[in-house]
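Taking it in order: structure first as structure tokens, then the write-up.
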Amino acid sequence: MVNSFRSILGSVFKNIYTVLIFTFLYLPIVVLIVYSFNASKYAVGWDGFTLEWYVKLFQDRAIMKAFYYTISVAVLSTLIATVVGTFAAIGIHNMKPLRKQLILNINNLPLLNPDIVTGVSMMVLFVFFKAQLGFITMLIAHVTFNIPYVILSVLPKLRQMPKDILEAAMDLGATPWYAFRKVIIPEISPGIVTGALIAFTMSIDDFVISFFTTGNGVSNLSIYVYSMARRGINPKINALSTLMFVSVLILLLVVNKRQGKESKKIL
Amino acid sequence: MLKKYSGHPYVLWSGIFIVLPLLLVIYYSFVKTSPATGELMFSLEGYRTFLQPLYLKVFAKSVLLALEATILCLIIGYPIAYIIANMKPKTQKIMALLLILPMWMNFLLRTYAWMTILQKNGFLNKMLSLLGLPTVNLLFTDGAVLLGMVYNFLPFMVLPIYTVLSKIDKGLIEAAGDLGADHKMVLRKIILPLSIPGVMSGITMVFMPAVSTFVIPALLGGGRSVLIGNVIEQQYLSVYNWNFGSAISVVLMIFILLSMGIMKRYDTDTEGEMNLW
Amino acid sequence: MKKLLFLMLAGLLLVTATACGEKQVVLNVYNWGDYIDETILTDFEEEYNIKVNYEMFASNEDMYVKMKQGGTKYDVAFPSDYMIEKMVREDMLVEFDATALDNFKNIGEKFTGLSYDPDNKYSVPYLWGTVGLVYNKELVDEEDVMSWDVLFDEKYNGQILMYDSQRDSLAVAFKKLGYSLNSTDPQELEEAKQLLIDQKKLVLAYVTDNIKTMMLSDEAAIGVDYSGDAFQILLEGGIDKYGYSVPAEGSNMWFDAMVIPKGSEHVEEAKLFIDYMSRPEVALKNVEYVQYSTPNTAIMGDLSDELKSIPYAYPSDEELDHCEVFVDPGAFVEEYNKAWVEIKAN
């Protein structure tokens with residue numbers, strides 16, 4: 001009797017806490033979205049509803065170009081980083097302690113270094129190799145700072161995995177590749193997904209490193225936004241952010257519904 | 001074979017794109033253009049300048065702030081990771097995505113939105129006065145800075161912890177219950193220790209970038225303080241003294257790696273791997 | 001799901017691959033963010049069949065580091081006065097006779113032969129302005145705004161905004177003390193530093209572009225701001241409520257100008273672009289969008305009433321009497337920076 005009361009209380013607390021946290025996370029987003037419809041250029045008061053910022057958004061050639069580069073670099077760098085990072089995590093997990101610690105510390109460097117140090121030092125490296133700064137160099141830079149996040153997400157899952165599971169699978173007749181695909185990957189997949197999510201997030205919002213490793217007309221949204229620092233941020237950006245946010249939400253709903261249908265089919 | 005060579009591509013990649021730039025930074029930290037001859041010369045001036053009380057104070061302040069933010073993220077984030085891990089698997093994935101989705105909106109925009117919320121005539125105070133409560137003056141205080149930092153780093157603490165918690169063998173928990181353990185003990189003796197790898201990753205992903213963070217304090221703190229991240233950026237850009245900027249960065253690197261190394265001693269790894277540090 | 005991913009990947013690679021292979025001349029233009037009416041770029045491209053790659057930077061220093069290191073061949077850039085001076089000294093700019101450009105004659109005389117480019121060999125002015133006080137007329141006595149002292153007045157405790165920039169804040173302190181804002185005298189710097197440290201308790205915050213939202217939402221009463229930026233406040237909030245002034249002790253006068261970085265492979269086309277920007281109708285269109293002050297005196301009469309009504313947009317020579325242009329401080333910038341760190345650390 002007491003136990004069920006406790007569990008009800010517990011679940012009430014859990015729900016309240018969850019709601020609080022997500023309110024906290026989304027409050028600024030709501031503010032952002034609201035101001036994308038505000039007639040005033042400045043986030044001061046409500047000046048009336050308008051869609052002008054959305055119209056201006058699509059007329060702005062620089063923004064659309066920046067948006068394209070942002071997404072393509074984010075997607076490509078996430079893909080590459082996830083693959084390389086997952087394999088790297090597996091390799092690191094199986095390294096001897098000394099070597100492991102060394103690689104892990106090197107892996108930490110892009111995280112702990114201020115962006116300006118990573119950005120400037122990579123820029124100098126690229127220039128030294130006479131590379132023209134642009135899409136490729138920006139992509140390389142993004143992959144470089146994304147991989148550590150993937151590794152850090154996959155490693156804990158590898159550590160959690162029963163040690164001899166690979167051997168067990170092979171003892172039961174699986175080839176190493178089959179065992180890898182059907183045993184290891186499913187075990188660590190939450191880590192891979194988390195790593196990819198974080199990598200994508202870091203890539204989409206990066207300014208300093210991108211600024212110093214790109215050039216020749218290739219820009220991204222963060223550079224676009226930060227370069228407005230002297231002038232003030234135009235609500236066109238709010239409009240774009242709102243559209244991005246809504247698209248992802250819709251995508252989520254669609255994927256969710258489709259998966260729901262699939263599981264129903266199985267039943 | 002997979003185990004042996006799996007890491008090699010990354011070793012190569014990191015060798016070129018992490019180690020080489022690192023060597024560049026170390027090089028700059030020991031080299032300065034002589035004002036007299038205009039030639040490059042070996043110099044410890046950068047390191048010497050850093051050892052002045054002014055910069056040490058700034059450094060200490062940055063580390064302290066990062067620690068506070070990390071601890072807060074852990075305290076606030078662990079419960080939510082636990083809650084999500086205990087949801088239905090399908091819901092879990094959605095929650096994880098919803099957790100990180102705000103971070104896809106531009107960082108400056110989000111921070112400016114917080115300023116709008118926290119300012120004197122901002123959203124928060126408007127709500128408070130509607131409810132008849134006294135208004136607060138949060139903007140440009142240390143509290144606002146911590147709030148901003150937690151806001152920015154929370155998902156990176158929650159996600160690694162959640163991924164580990166989600167796959168803790170339920171059988172273990174049942175077994176413990178059968179052996180007479182109550183919920184609290186299960187939490188303390190089984191769940192918490194097993195989640196340590198995730199916690200370590202979370203702390204890594206929060207503490208390290210937090211030490212060099214400076215935009216949030218500049219905006220939400222009203223630029224009233226200076227952090228080591230500011231100093232480094234100023235040295236690289238405004239002052240163009242790469243010698244000093246790089247020296248600070250090298251010290252920062254060593255300090256953080258050392259402190260992470262010390263922290264790893266609390267890591268419950270049954271292999272008892274030897275730490276380099 | 002996997003198929004979708006693969007298709008996306010293939011699509012992306014295809015698009016990036018086809019992006020190469022154009023025979024047109026391409027100009028790489030490097031400017032501040034949101035600092036041009038972008039339809040002008042399209043007009044230019046159509047008229048001359050030259051493609052414009054438009055990149056943006058957030059500060060002179062960001063631009064300088066990018067340009068110094070190389071990696072991109074910029075054809076036109078828009079640095080500020082002291083940065084131009086520095087780049088000339090470091091031989092980073094192409095020398096060309098700016099006066100030979102067709103539309104150079106539209107630039108007002110007092111904007112030619114400026115201290116950073118006395119022979120007009122490297123630049124053509126683009127937009128200019130001052131640094132001054134932007135204030136809320138309902139909260140600030142108008143008699144106070146003609147002196148920098150107002151920022152140090154207990155009366156306005158907690159209502160003061162300073163600009164989060166070492167040179168601009170130090171400039172305010174220097175001018176208040178009666179020194180040159182280009183002072184490299186350690187003693188004068190020490191005094192300025194101390195003044196700013198003492199001021200700190202009165203300051204609400206050190207801000208940058210968000211000074212506009214702070215002023216417009218009445219979070220603060222008075223602040224230091226660039227003229228063009230302050231004009232946005234005046235235009236949005238109305239000149240009945242907001243004012244801008246340049247204190248009598250003098251202030252900073254700044255210029256952003258167009259230059260041709262060395263390494264440009266299209267110097268002639270770059271000159272074409274610079275000349276185009278100085279055409280009366282183009283400059284007019286631009287100024288109506290950016291709403292900063294233009295050095296193009298040929299269009300003075302054509303400015304909209306809105307722009308003409310802004311105080312100090314086109315100040316008289318008396319009003320500019322004690323104003324100075326920033327000079328590149330050379331190695332002394334380290335001292336400026338150290339002082340700034342000390343001010344912030346206290």
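Every number here is computed from the coordinates shown, using simple stated rules; none is lab data. Since this is a predicted model, take the numbers as computed values, not measurements. Cβ: placed from backbone, ideal geometry, glycine included. Neighbour counts: every protein chain shown.
Note on A:86-99: average number of Cβ atoms from other chains within 10 Å of each residue's Cβ is 5. Largest GNM mean-square fluctuation across A:Leu152, A:Leu243, A:Leu27, computed for chain A with C-alpha springs under 10 Å, falls on A:Leu27. The magnitude of the dipole of segment C:104-189, with charges of +1 and -1 set on the Cβ of Lys/Arg and Asp/Glu and taken from the Cα centre, is near 480 debye. Taking label points 7 Å from Cα along the Cα-to-Cβ direction, C:Lys262 and B:Arg188 give a separation of 7.2 nm. Each label was represented as a point 7 Å from its Cα along the Cα-to-Cβ direction; for C:Lys68 and C:Glu45 these points are 3.3 nm apart. Net charge of the neighbourhood of C:Gly250, taken over other residues with C-beta under 11 Å away and scored Lys/Arg +1, Asp/Glu -1, is -2.
Partners of B:Lys90 within straight-line reach, counting aspartates and glutamates whose Cα lies under 13 Å from its Cα and excluding those fewer than 8 residues away in the same chain: A:Glu262.
Taking segment B:200-244 and a reference point 7 angstrom along Cα→Cβ of B:Glu68, the backbone N atoms nearer than 16 Å belong to B:207, B:210-229. For the residue pairs B:Lys57/C:Lys86; B:Lys126/C:Lys344; C:Lys86/C:Lys262, alpha carbon separations beyond 25 Å are given by B:Lys57/C:Lys86; B:Lys126/C:Lys344.
Here the residues B:Ile232, A:Ile140, ranked from fewest to most Cβ neighbours within 10 Å of their Cβ, fall in the order A:Ile140, B:Ile232. Dipole of chain A computed with +1 at Lys/Arg Cβ and -1 at Asp/Glu Cβ about the Cα centre; of A:Asn234, A:Ala168, A:Ile63, farthest Cα towards the positive end is A:Ala168.
Computed over chain B, relative contact order equals 27 percent, with contacts defined as Cα pairs under 8 Å that lie 6+ residues apart. Under the simplified labelling scheme, the C:Asp240-C:Glu190 pair shows an inter-label distance of 5.2 nm, with each label point 7 Å from Cα along Cα→Cβ. If R0 is 22 Å, what FRET efficiency do you get for C:Asn157 and C:Lys137 from their C-beta distance, rounded to 0.05? E(calc), rounded to 0.05, equals 0.70.
Among C:294-302, B:130-138, the peptide with the highest mean count of other Cβ atoms within 10 Å heads the list, and the full ranking is C:294-302, B:130-138.
Taking a Cβ cut-off of under 10 Å around A:Asn234, the surrounding Lys, Arg, Asp and Glu residues balance to a net charge of +2, with basic ones at +1 and acidic ones at -1. For the set A:Lys96/B:Lys189; C:Lys66/C:Lys212; B:Lys61/C:Lys176; B:Lys120/C:Lys175; A:Lys182/B:Lys170, the pairs lying more than 25 angstrom apart at their alpha carbons are A:Lys96/B:Lys189; C:Lys66/C:Lys212; B:Lys61/C:Lys176; B:Lys120/C:Lys175.
Remark: mean inter-chain Cβ contacts per residue of B:216-222 equal 3, using a 10 Å Cβ-Cβ cutoff to other protein chain atoms. Among C:Gly250, A:Val34, A:Thr50, pick out the residue whose Cα is farthest towards the positive end of the charge dipole of the protein assembly as shown, where Lys and Arg carry +1 and Asp and Glu carry -1 on C-beta, about the Cα centre. Checking the options against the dipole of the protein assembly as shown, the answer is A:Val34. For the protein assembly as shown, the Cβ-based charge dipole about the Cα centre amounts to some 6060 debye (Lys, Arg positive; Asp, Glu negative; other atoms uncharged). In chain C, if the dipole is taken from +1 on Lys/Arg beta carbons and -1 on Asp/Glu beta carbons about the Cα centre, which of C:Ala345, C:Asn182, C:Gln232 is farthest to the positive end? After comparing all options, I get C:Ala345. If the chain linking B:Leu54 and B:Leu40 were pulled fully straight, counting 0.36 nm for each residue of separation and taking away their Cα-Cα distance, it would gain 2.3 nm. Computed from point charges on the beta carbon alone (+1 for Lys and Arg, -1 for Asp and Glu), the dipole magnitude for segment C:218-346 about its Cα centre is near 260 Debye.
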